[in-house]
Amino acid sequence: MALARSARPSGELWPPLVFLGVLAALPLLVGDAYWLGILIVSMYFALLAVGWNLLAGYTGQFSMAPAAFAMIGAYATGLLARDLHTAPWIGIPAAVAAAGLVGMALGRVVMRLSGPYLALTTLSFAEILRLVIGNSYEYTRGDLGLGVPGLFEGRLPYYYLFLGALLAVQLGVFLLLRSRAGLFLRAIRDDEVAAASRGVDVVFWKTAAFTLSTAISGLAGALYGHFSQLVSPELGLISQTGLVISMVVIGGMGSLLGPLAGAFLVYLGSEVLREVGGIQLIVFALLVILFARFFREGLIGLARRALARRGA
């Protein structure tokens, strides 16, 4: 089949593994609790970015709801712990499953759409979900926030928990992309009509990618809930999704390393900009426009071109 001739992402795993290896050693240099917290939240956003990149970068489908599914994961594990006294190690997988099941149900509807219609539908779902959670005070405590039990004393164990989750997700995405399913996803991204004409069940595979993406977001939200020990509807704000999209676009959409690098650069940059006037949203919006217009492969693409010129 012509689909089989699509390029496989061979060799792409080493850069993110090196990146994660550097992260594993960082606590030896960064002992400050504040900066450990910043790095943990950066890994939370990196998980969201990896999940969104699987859908947008490799399947070509633009969802506006990654933060909403993180909110589902966070509230699911929190409610299970509060109401059923479920242990976190059961609550976290259950939260991932809950986000994935909601994603599958939504995906069966929205994955028949494309372009701006898909973006607007997922945006509407995200905002409706946020309003429902915010107004369900008797169940979720509304804007006061829902308490979630912690897992560890101190921040270092959380750091390595997030790092382990990020490593597992990256390996899973890599293996998926190396499989026949990965070829189908990239074929759909490149040309849905051509993929369908060669026997690819386009709606099924788009729904599968959407479900996996939402499950990854649910995992990120569940871990973040246990780390912060308090979740509120602000977790699902559209600005959070905008931040995730900027991370992927600036880092490099359609690559394994791009969302990781973009998540850390954007979030650390947002912390610095917050200290000098809170103009981070304006700066990153302008950067997204710049990269989307002139540097579509992101920072990773620019780095590859620079290395190719040096080797020429």
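Please treat every number below as a calculation from the coordinates, not as lab data. Bear in mind the structure is a predicted one, so any value in this text is a computation, not a measurement. Note that we place each Cβ from the backbone using ideal geometry, even for glycine, and neighbour counts take in every protein chain shown.
Things worth noting here:
- Ellipticity estimate at 222 nm from DSSP helix runs (n ≥ 4, -39,500 (n - 2.57)) divided over the chain, nearest 500: -25500 deg cm²/dmol
- The chain, relative contact order [Cα under 8 Å, separation at least 6], %: 32 percent
- R0 of 25 Å, Cβ-Cβ distance Phe294-Phe62: FRET efficiency to nearest 0.05: 0.80
- Order by protection proxy (mean Cβ within 10 Å, highest first), peptides 120-126, 289-295: 120-126, 289-295
- Order of Ile250, Ile90 under a 10 Å beta carbon neighbour criterion, fewest first: Ile90, Ile250
- Shape call, the chain: gyration tensor on alpha carbons, a/c limit 1.5: oblate
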